[in-house]
Structure formats: structure tokens, C-alpha cells
């Protein structure tokens with residue numbers, strides 16, 4: 001008779017033997033008459049293993065005998081359960097505000113998040129949803145001159161193209177109007193503020209999120225200085241003042257943000273921090289402002305500079321890598337997008353449009369040339385120049401690519 005087919009009494013007895021001296025799930029104690037059996041070609045060890053596995057299976061079977069699945073509900077009990085649930089939902093509707101109510105329709109309607117494009121097809125594809133989500137926080141961090149501000153300005157440009165209103169909190173006091181216009185930002189419709197303290201900056205953000213604003217950019221978190229530091233002397237130490245302030249402010253901003261359709265972009269710097277083990281002598285890269293921003297951000301993107309771009313022995317731009325460190329909207333592995341940024345121009349979108357459109361068949365590549373809008377262009381440089389000079393054609397190709405990649 002097998003172990004699993006033994007009567008319950010025998011199963012409980014085997015379980016008691018397997019428990020040892022009051023120890024649950026420990027190695028079963030082998031009877032004394034089996035311990036001293038001579039080894040005969042490994043048969044004794046095999047028997048011990050079989051005996052041990054049998055005790056373990058008997059313990060599992062004994063546990064299964066103690067628990068039974070719930071019997072199926074009959075119609076009367078099912079109706080009683082539904083009635084109780086409806087009563088609880090009705091009680092919530094009368095005791096709390098509308099946003100605290102339970103409603104299946106509400107979640108099914110908002111399953112697909114509305115997004116704002118980053119201005120780069122490659123980055124939109126790496127994000128998995130076609131852009132940055134509204135009603136969420138996004139952190140863009142990296143070393144200096146790695147394209148963080150440029151990427152934020154392109155998001156503002158894309159939001160303005162769709163008729164949205166945007167605000168720019170210039171905590172660094174380094175906003176370049178000419179560069180923003182070259183990127184494509186409409187300065188006349190952009191709200192710009194240069195607050196004098198971190199408290200005022202974050203209060204402005206919280207107020208704007210409650211209004212009809214589409215994008216708010218804070219540049220940067222490292223430049224948000226608490227009032228205590230501004231009013232104190234340089235030699236005075238205020239331990240973790242900025243981190244504590246960010247934690248308190250982001251809790252309130254997140255509450256307001258959950259009831260709006262505003263995208264908040266925090267541009268952040270990185271610094272090196274000594275490892276917790278001083279003897280190791282190792283340093284790690286961390287962001288400014290503590291851990292609260294990383295927790296509340298739905299998406300975190302790290303920018304890093306790769307190399308310079310040259311044209312006729314003259315540096316014309318940089319190549320950067322944007323790595324998706326965190327993405328709550330898409331359950332996928334870390335992804336990366338490579339972008340080219342021209343000095344004084346922004347993201348070179350014509351090169352990535354040409355590359356991705358020829359890959360997906362929107363632009364036909366024939367030899368070393370390209371067919372674009374009925375015209376044959378003999379080389380890559382001519383094709384990129386054509387797209388640069390014909391914005392309407394480039395926008396049509398972008399729209400076709402986005403419909404193929406994100407709306408199917």
C-alpha cells in the first residue's frame with residue numbers, strides 16, 4: 001500500500017515520526033535499527049532517502065486532510081453575499097467623497113493612460129505606451145550636459161502642439177529663451193517662474209497641478225534650497241533639510257495630482273555618496289532630494305552622455321542614452337533609447353524618423369537611396385535634409401508610425 005493511500009491514522013503516525021523531537025518540518029529521525037545497517041552497494045542510503053521522502057509526503061497528506069475547500073455557494077447565499085457587498089458600497093458613498101467610492105466602471109474607463117510624446121519615436125517606443133503619462137510624476141536625472149533639460153523642453157513642445165498649457169519652474173535661474181525657441185517651444189504661451197526658495201517652488205507646483213495645466217517642469221531638484229538654508233549662514237549645517245521637505249511636499253502634491261491630468265517632470269542631478277562600509281572605499285551614484293521622488297515617480301529616466309557628433313571636423317552635437325530605470329505603466333525589463341542632440345537645435349528627430357520608418361516600411365529604401373512622398377533621394381544625408389526642410393511630411397510620417405506602433 002502506497003504512502004498517500006494509507007489510512008489517516010498511519011499518516012498521522014508517520015507525520016509524528018517526521019516531526020522529530022518537537023521540530024516541525026525538520027529532517028525525519030531514522031529508527032535506530034536502520035542507522036547501523038551496513039552499506040551494500042548504496043542500498044542502505046537509497047532506503048534512507050526513500051523512507052525520508054515517504055515521511056515528508058505523509059506530512060503533506062496529513063496537512064491536506066486538515067483543510068478542505070469551501071463548498072460552492074447556493075443561490076440564496078450568493079444573493080446574500082451580493083446584497084451585503086452592495087450595502088457596504090452604499091455606505092461608502094454616503095460616508096466618503098466621490099473619489100473614495102468603489103466603482104468597476106471607473107477603472108475600466110481609465111485602463112489606457114493618456115500620454116504626451118517625448119518628441120522622440122525611439123524613446124516613446126522604449127517607454128511602451130507612446131510617451132509620458134498624464135496625472136503622474138516623472139523624474140529625469142543624470143550628470144551635467146546629458147540632455148535632461150532638452151528632453152523636458154521637447155515634452156513641453158509636444159504638449160503645446162496639442163493645445164496644452166505648460167509651466168516651467170526655473171530653480172536654477174538658467175532658462176535659455178533662445179534655445180527653447182529653437183527647440184520649438186512657444187515662449188509666449190509658457191508660464192515661467194523663478195521662486196526664491198524650495199517651499200515656494202513646490203507650493204507653486206501644487207497650485208498649478210490643481211488648475212488646467214498640462215505639463216509642469218521643475219528644473220532642478222538639486223537647486224531647490226529650503227528657507228532655513230537661505231536665512232542661515234554658509235557654515236551652518238542643516239542635516240537632511242531638503243530631503244525632509246521633499247518628502248512632506250510630494251505627499252501633498254501626489255494627493256492633488258491624483259485628481260488631475262497634469263504631467264509633472266522633475267529634472268534632477270546626481271552625486272556620489274560613500275558606501276555604507278567605509279573600509280571598502282567604494283562610492284555610489286545617488287540623486288539629490290532623498291528617496292521620496294523615486295518612490296512617487298511613475299517613470300524614472302537616466303540620461304548619460306555617449307560621445308560627440310562631428311561634421312567636417314567640427315562638433316555639432318552629442319549622442320546620449322536614455323535608460324528607463326522605472327516604469328509603473330508597463331511591466332517590462334529595463335529599456336534604453338539612443339538619441340542624437342544637435343547643439344542649439346534639440347533632438348535630431350529626422351535621423352530616427354528615417355531609420356524607424358524605413359524599418360517598418362513607411363519609407364521605401366532602395367539601395368542607398370530612399371523614396372519619400374514620391375520623391376527619390378539618393379543618400380541618407382539628402383533624405384534627412386529633405387525631412388528637416390519639410391516639417392509637414394515629417395509630421396505625417398510620425399503620425400503614421402505612431403498609429404502603427406501604439407494604436408494597434
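The figures follow:
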read-out	value
Inter-site label distance for residue 404 and residue 143 at 7 Å from Cα along Cβ, in nm	3.7 nm
Gyration tensor (alpha-carbon) shape descriptor, the stretch 149-227, a/c threshold 1.5	oblate
Förster-model FRET efficiency, 45 Å R0, residue 392 and residue 251, C-beta, rounded to 0.05	0.50
Gained length - residue 382 relative to residue 329, 0.36 nm times residue gap less alpha-carbon distance	15.3 nm
Square roots of five times the Cα gyration tensor eigenvalues for the stretch 348-408, Å	18, 13, 9
Whether the stretch 115-345 is rounded, prolate or oblate, judged on the alpha carbon gyration tensor where a/c under 1.5 counts as rounded	rounded
Cα-based Kirkwood hydrodynamic radius, the stretch 196-324, one decimal, Å	17.2 Å
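Read the figures in this text as sums done on the coordinates, not as results from a lab. Everything numeric here is computed off the predicted structure, so don't read it as measured data. Every residue, glycine among them, receives a Cβ derived from its backbone with ideal geometry; neighbour counts consider all protein chains shown.
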